[in-house]
Structures are given as structure tokens and as C-alpha cells.
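Comments concern the structure below.
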Amino acid sequence: MDVFSHLVDGFAVALTFQNIGLAIIGCVLGTVFGALPGLGPANGVAILIPLSFALGLSPASSMILLCSVYYGAMYGGRISSILLNIPGDEPALMTTIDGYPMTLKGRAGEALTLTGIASFYGAIFATIGLVFLAPQLVDIALLFRPHEYFVLFVMAFATLGSASSDNKVKTILASAIGIAISTIGIDNQTGVPRFSFGEVHLYDGIDFLIVIVGLFAVSEIFIFIENKDDQNKGSIVQKNTPQITNIIPSGKVILKTVPSMIRGGFLGFVAGILPGAGASLGSFIAYTFEKKISNKNDTFGKGDERGVTAPEAGNNAAAGGALVPMLALGVPGSGTTAVLLAMLLTMNITPGPLLFEKNPDVVWGLIASLFIGNFVLLILNIPMVRIFAKVLLLPPKFLMPIIIAVSFVGVYGLTGSTFDLMMLTILGLLGWIFRKLDIPLVPVVMGSVLGNLMEVNLRRAMTISNGNWMDLFSSNVCIVLWLIIFFAFILPMFFNLKLPSLKKNSR
Amino acid sequence: MTDRILGIITLLISIFYIYATSIIQLSFISDVIGPKGFPYIIAFFLFSSSIWLIFFPKFQAIWPKGKKIIEVLVTAAIFFLYASVLPHLGFVVSTILLTTYISWRMGAAILIAFIYGVIISITIFVLFNYVLGLSLAKNYLGF
């Protein structure tokens with residue numbers, strides 16, 4: 001079959017010395033980023049993007065490095081959820097509910113192994129799904145005109161709004177701010193400067209990489225600086241990491257959890273494919289569903305093994321699922337995939353159908369290396385999990401200086417401009433203020449990444465249609481997409497499908 | 001209340017954005033929508049969500065107390081300072097100052113923070129400059 005010959009080519013790309021090395025480095029860094037509370041996949045990928053440019057990695061190699069970090073963070077997030085009852089990153093929130101009670105019962109090692117297996121299953125399932133689903137989606141996407149693309153981008157923001165925040169208005173506001181940032185600079189269709197107010201540095205616009213590193217990484221440093229005194233009292237440093245004794249669960253327990261992994265993986269994958277929804281939604285749906293069908297003896301929330309395997313399979317599968325629309329349509333399914341999209345765009349590669357035709361090495365090399373990466377992650381996260389549990393003891397006073405120095409090195413290495421470092425600081429402060437005001441950061445980042453593409457597609461569509469706006473509602477695909485937009489905003493209101501807010505739990 | 005203030009600020013920003021859109025010069029070549037159309041659409045969403053926040057505020061932010069705000073602002077000032085001295089002092093010296101400050105403020109004793117800052121600055125410089133071949137800012141002495 002066609003897919004398999006592509007996959008063989010992909011393994012040829014992935015199995016070079018450099019790319020295997022990058023995959024392993026990415027997996028280790030990703031697990032560390034995931035394990036450390038406060039630093040998630042988005043921060044990890046954000047910090048490394050400017051570096052992978054500055055180091056002159058090829059698009060395929062950069063994607064391999066960054067997606068390994070992304071997958072690794074999905075594995076690593078569970079470690080502090082289970083051991084410390086603090087989610088290592090947002091998708092790992094659901095794992096605390098049954099994971100920490102297991103630790104209190106002295107079963108931390110078992111919980112880590114089971115979730116390791118569940119993560120592996122979820123990720124492999126999603127990667128196989130990616131192999132078969134993405135080419136199908138590409139065939140559909142070939143029929144898309146700029147009209148459909150524009151509506152698709154609108155849909156990404158709508159589904160994001162339905163899942164990410166309690167307050168939908170703030171999601172709209174955040175998206176608008178992000179898109180507004182993307183309109184700064186020379187208009188690339190007519191060549192007139194916009195919103196630059198005569199400042200030469202702004203003619204090129206504000207690079208979305210700087211927006212990403214500023215909002216995600218630098219603002220996190222301000223949060224740490226602000227909460228440093230509370231932190232010494234409460235969370236990471238003073239709590240002793242519980243002993244991990246027996247890491248091998250009995251065969252009976254593993255068998256008991258298999259159905260929950262399968263269900264969780266499937267639900268997570270579906271959640272991941274929805275543009276804008278992402279891994280947090282995947283683990284949330286997987287846990288809620290598992291609790292509904294398996295909680296017969298009221299064991300959930302008290303350390304039921306299925307309560308950790310389902311959300312872990314779910315969030316890993318969702319992470320893989322989110323890559324499907326990102327690669328096949330160029331529409332990211334989550335914050336981190338938006339960051340990955342930003343990287344591809346900066347390398348002059350536009351994801352979508354053309355990516356599969358013009359740069360098959362990027363797509364299939366990436367997919368092949370995800371398979372390899374998952375085996376690496378399985379080893380890192382089960383036999384070697386004790387080493388990563390030690391990472392949790394690394395105090396912020398030694399961690400934060402590294403994060404800030406590497407963020408600055410990356411951006412400076414990329415642009416060589418001190419103006420951009422100042423912009424980075426301003427955006428970091430802005431991100432800190434946004435967090436205080438409960439404005440979600442992901443829509444801002446997505447807006448700054450997608451804004452330009454959105455505008456280009458809208459203007460092309462209107463040029464084709466001679467300014468007839470009703471053409472945006474004319475084709476069947478458009479109508480379906482508008483219906484999804486409608487239901488993504490209205491349905492959650494009825495079912496009250498809200499993600500529990502992370503802030504109350506972790507900070 | 002926080003939401004209401006936020007709404008007023010973003011309302012002002014959206015009005016400014018609309019004004020700035022209106023003064024975009026038109027080029028002699030143009031497409032159907034032109035450079036102003038899309039910003040006007042975005043401005044509409046910015047404007048209407050601001051109005052909504054002003055009339056239906058929900059969220060009350062918890063602001064940190066004075067000392068913490070000063071701490072954050074001073075850190076931001078240090079980052080600015082770092083950006084401006086970087087081309088003159090070079091990467092190693094500036095980054096030692098930056099990392100020492102951060103480590104010290106995060107709770108390390110100042111001497112330990114300094115030693116740690118020296119170690120990671122030199123490590124990063126050697127790693128990125130010599131091993132990975134990234135061009136970092138250098139001072140007149142070459143580091």
C-alpha cells in the first residue's frame with residue numbers, strides 16, 4: 001500500500017544518526033518539562049523553537065526534536081500528578097484524582113508503570129491513527145478553496161473557545177488580541193505598512209515566535225518570581241517525594257486496566273482531532289467516561305487503577321490526534337500544535353495537502369520518529385522513572401536561571417536583535433497580566449500564528465468571489481463547518497462541559 | 001470589577017485600533033477587501049467583547065501585594081537592562097549578572113547564586129558557541 005512505502009521512506013529519514021539523537025534528546029527534555037509543575041509542553045517547545053532555527057536544523061529534524069518534546073511532556077506530566085498531587089502540566093490534571101490516592105496507599109510505583117503503559121498505548125494508537133487518517137484528510141483538503149480554509153480557521157477558534165475557558169467572551173477577546181498582533185507590519189498583499197507608527201523595527205511585524213516564547217516561557221518566570229515565597233512553604237521543594245518501591249504491577253491489575261486504556265485512547269484521539277480542543281479535553285473526556293461505566297463499587301477517586309490509565313491513554317492519544325489537523329489542514333488542534341505550526345511556517349513550509357506532496361520527508365520522517373520516540377519514552381518512563389522523579393526535587397532557584405538564559409539565547413540567536421529581547425520582556429509581562437486577568441493565552445498565541453493565514457485566505461476568497469460575502473456560506477463544506485462552529489459554541493452550554501480550572505489546584 | 005476595568009482598557013485599545021486602521025495609507029494596487037478590511041473585522045470583535053465585559057463582569061482578579069508587584073517589575077527591568085547591555089558586555093558577563101540575580105531572588109544565597117550563574121553562563125556559552133555553532137553576542141574581548 002501507498003502508506004507503507006511512505007512509512008518506509010519515513011524510517012529512512014528518522015533512522016539517521018542525527019535524527020535518532022534528536023529524538024532521544026527531545027524525549028528526555030520533554031519528560032523533564034512535563035514532570036516539572038509549571039512547565040508544560042507549550043513552554044518546552046516554545047523555548048526550543050528559536051534554538052532549533054538558530055542551530056540551522058532542517059525542517060524534518062526540527063519537527064522530530066520538537067514533537068519528541070511534545071510527546072515526552074505528555075508522558076512526564078503524570079509523574080508529579082501521581083507523586084505530589086500537583087499536575088505536571090494541564091492534561092495530567094485528571095491523573096491526580098486517582099493517582100495520588102494510589103501513592104498514599106504505597107502503590108506509587110505501580111501507578112507510574114500502569115500510566116506508562118497507558119501513555120505508550122495511547123500514543124502508539126494515535127500515531128497509527130495519524131498514519132491512516134491524515135492522508136484521507138489530505139484528499140478532502142485538496143478540494144478546499146480559500147473560503148473553506150477561512151471558515152476552518154474560524155472553527156479552530158470556536159472549538160478552542162468551547163473547551164478552554166469558563167468565560168467565552170474572554171476567549172473571543174484573547175483571539176482578537178492575538179490576531180490584531182498578527183496584523184502589525186507591512187501588509188504583504190499591497191505592501192503598505194500597518195500599525196507600525198514609523199518604527200522601523202515593527203515593519204516586519206512582531207514575530208510570532210517572540211509572542212510564543214514571551215507569553216509562555218517568560219511570563220512563567222514572572223509567575224515563579226511572584227510566588228517564590230509561597231513556593232518554599234508549599235509545593236515542590238519541601239514536600240518529600242514519596243518512595244517508589246514496587247514498580248511491577250501484577251498481571252491481574254494490568255489485565256483489569258486494558259479495557260480502560262482502549263476506551264481512553266479512542267476517546268482521546270477523537271478529542272485531539274477536533275481543532276482547538278487538545279490534550280486536556282482528551283484526558284477529561286476519557287476520565288469522565290471511564291468513571292461513568294466502571295465506577296460500580298465506588299472506587300474512583302480513591303485510587304482505582306482504571307482512573308489513572310484512562311486519562312493517561314486519553315491525553316497521549318489526544319496529543320497525537322492533534323497532529324492530524326495540524327499536518328493535514330494546517331489548523332492546529334491545541335496550543336502546543338499551534339506552536340509547532342508556527343515553526344513550520346517560519347521555515348516557509350505551509351502544512352496542509354501540499355506538505356504531503358512537497359515535503360513527504362517532513363511528514364513521514366516525523367511519523368516514523370514518533371514511533372521510535374515512543375519506545376524510547378517507554379524505557380525512560382518505566383525502568384528509569386526514579387531518575388525523573390528526582391527531577392522534581394530540583395528547586396526553582398536553580399531551574400529558572402537556565403530557563404531564562406536559554407529563552408534569551410534562543411531569541412537572540414535567531415534574530416540577533418536586542419529590540420526583540422525587549423519585545424520578549426514586554427510580551428512576558430503582558431502574559432503575566434493576562435494570567436492574572438484570567439485571559440487564556442492559547443487563543444492569543446493561535447491568533448498571532450493564524451491571523452495572517454486567516455486574512456490571506458479571506459482576501460483571496462473575496463477576490464475570487466468578487467467581494468460577495470455570501471460565498472463564505474455557499475459550499476457544502478462551508479455549511480458543515482459553520483454548523484460545527486455553531487454547535488461547538490452552543491452545545492457545551494447545554495451539557496456544561498467545562499474543564500476544571502488548573503489554577504485553583506496548582507497555584 | 002476587574003473584568004469591567006479590563007473591558008474599559010480593551011475598549012480604548014479597540015478604538016485606537018480602529019483609528020489606526022482608518023489612517024492606513026492605501027496603495028495604488030489593491031484587492032477587493034484591501035489592507036483595512038480585516039483589521040476592521042477584528043476590531044469589531046475586540047470592541048464588542050469589551051462592551052460585554054463592561055456590562056457583564058464576572059471575574060475578580062486577586063492581585064499580588066505591593067512587594068510582589070515590585071519584585072516582578074524589577075525583574076522585568078533587569079531583563080530590559082540585560083537586552084541593552086548585551087551587545088557591550090558580551091554574552092558571558094551579561095548572562096552571569098542575569099542568572100545570578102534570578103537565582104538570588106528565587107532564594108539562593110548570593111554567593112551560591114553567583115557561582116551557579118558563572119557555571120551555567122559559561123556552560124551555555126561553550127555549548128552553544130563552540131559545540132553547536134550559534135553566534136552569541138560577544139564583547140570586545142571575544143566572549
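The values are calculated or read from the model by the stated rules, or taken from the named source; none is laboratory data. Here the structure is a predicted model, which means the values were calculated and not measured. Please note: Cβ atoms are built from the backbone with ideal geometry, for glycine as well, and neighbour counts cover all protein chains shown.
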Listed by first then second residue, the pairs whose first member lies in the stretch A:187-205 and is more than 10 Å from every other protein chain (Cβ to nearest Cβ), whose partner is assigned to a loop (DSSP other than H, G, I, E, B) and charged (D, E, K, R), with beta carbons under 8 Å and at least 6 positions apart or on separate chains, are none
Picking from B:S14, B:S27, which residue would you name as being surrounded by fewer than 16 Cβ atoms within 10 Å (Cβ to Cβ) and either touching a residue at least 12 places away in the same chain (Cβ under 8 Å) or of a type in the set (S, T, Y) (or both)? B:S27
How many residues are away from chain B (no Cβ under 11 Å), more than 22 Å from A:S196 (Cα to Cα) and either crowded, with 23+ Cβ neighbours inside 10 Å or in contact (Cβ under 8 Å) with a residue 40 or more places away in the chain (or both) if we restrict to the stretch A:384-425? 9
Of the residues A:S58, A:S68, which is more than 17 Å from A:S280 (Cβ to Cβ), among the polar types (S, T, N, Q), under 15 Å from the mean Cα position of the chain (by Cα) and more than 14 Å from chain B (Cβ to nearest Cβ)? A:S68
Of the residues in the stretch B:130-139, those that are more than 9 Å from chain A (Cβ to nearest Cβ) and without any contact (Cβ under 8 Å) to a residue 12 or more places away in the chain come to B:Y130, B:V131
Right, A:I177: closer than 27 Å to A:P41 by Cβ, out of contact with any Gly (no Cβ under 9 Å at 6 or more places or on another chain) and of a type outside the set (D, E, K, R) or not? no
Could you list all residues from the stretch A:274-290 that are of a type outside the set (A, V, I, L, M, F, W, C) and buried (at least 20 other Cβ atoms within 10 Å of the Cβ)? A:P275, A:G276, A:G278, A:S280, A:G282, A:S283, A:Y287, A:E290
Can you find even one residue in the stretch B:58-75 that is of a type in the set (D, E, K, R), more than 21 Å from the chain's Cα centre (by Cα) and more than 23 Å from A:G428 (Cα to Cα)? yes
Subset of the stretch B:22-40, residues touching a helix residue (DSSP H, G or I) at 6+ places or on another chain (Cβ under 9 Å) and more than 8 Å from chain A (Cβ to nearest Cβ), comes to B:S22, B:K36, B:Y40
Starting from residues that are assigned to a loop (DSSP other than H, G, I, E, B) and not hydrophobic (A, V, I, L, M, F, W, C), keep the ones in the stretch A:426-481 and report whichever is farthest from the other protein chains (Cβ to nearest Cβ). A:S475
Matching residues in the stretch B:49-59 - criterion: being more than 8 Å from every other protein chain (Cβ to nearest Cβ) and in a helix (DSSP H, G or I): B:I51, B:I54, B:F55
I'd like to know if the stretch A:151-162 contains one or more residues that are under 22 Å from the mean Cα position of the chain (by Cα), aromatic (F, W, Y) and away from every other protein chain (no Cβ under 14 Å). no
Apart from one, (1) under 21 Å from the mean Cα position of the chain (by Cα); (2) of a type in the set (A, V, I, L, M); (3) under 23 Å from B:Y40 (Cα atoms); (4) at pLDDT 90 or above all hold for A:V449; the odd one out is (4)
In the stretch A:321-368, residues that are assigned to a loop (DSSP other than H, G, I, E, B), buried (at least 24 other Cβ atoms within 10 Å of the Cβ) and of a type in the set (A, V, I, L, M) total 1
Please enumerate the residues belonging to the stretch B:62-79 that are among the hydrophobic types (A, V, I, L, M, F, W, C), surrounded by 15 or more Cβ atoms within 10 Å (Cβ to Cβ) and facing chain A (nearest Cβ under 8 Å). B:V72, B:A76, B:F79
Identify, by number, the condition in (1) surrounded by fewer than 24 Cβ atoms within 10 Å (Cβ to Cβ); (2) touching a Pro at 6+ places or on another chain (Cβ under 7 Å); (3) outside any helix (DSSP H, G or I); (4) not hydrophobic (A, V, I, L, M, F, W, C) that A:G88 doesn't meet. (1)
Test of understanding: among B:I15, B:I96, B:I9, which residue is more than 9 Å from every other protein chain (Cβ to nearest Cβ), over 22 Å from the mean Cα position of the chain (by Cα) and assigned to a helix (DSSP H, G or I)? B:I15
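The rows are residues; the columns are (1) outside any helix (DSSP H, G or I); (2) not hydrophobic (A, V, I, L, M, F, W, C).
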| position | (1), (2) |
| --- | --- |
| A:G38 | yes, yes |
| A:I47 | no, no |
| A:I64 | no, no |
| A:D98 | no, yes |
| A:T103 | no, yes |
Does the stretch B:104-124 contain any residue that is in a helix (DSSP H, G or I), more than 25 Å from A:I439 (Cα to Cα) and polar (S, T, N, Q)? yes
So is A:S283 under 19 Å from A:D89 (Cα atoms) and either touching a helix residue (DSSP H, G or I) at 6+ places or on another chain (Cβ under 8 Å) or part of a helix (DSSP H, G or I) (or both) or not? yes
B:R4 fails exactly one of (1) within 9 Å of chain A (Cβ to nearest Cβ); (2) in a helix (DSSP H, G or I); (3) not aliphatic (A, V, I, L, M), namely (1)
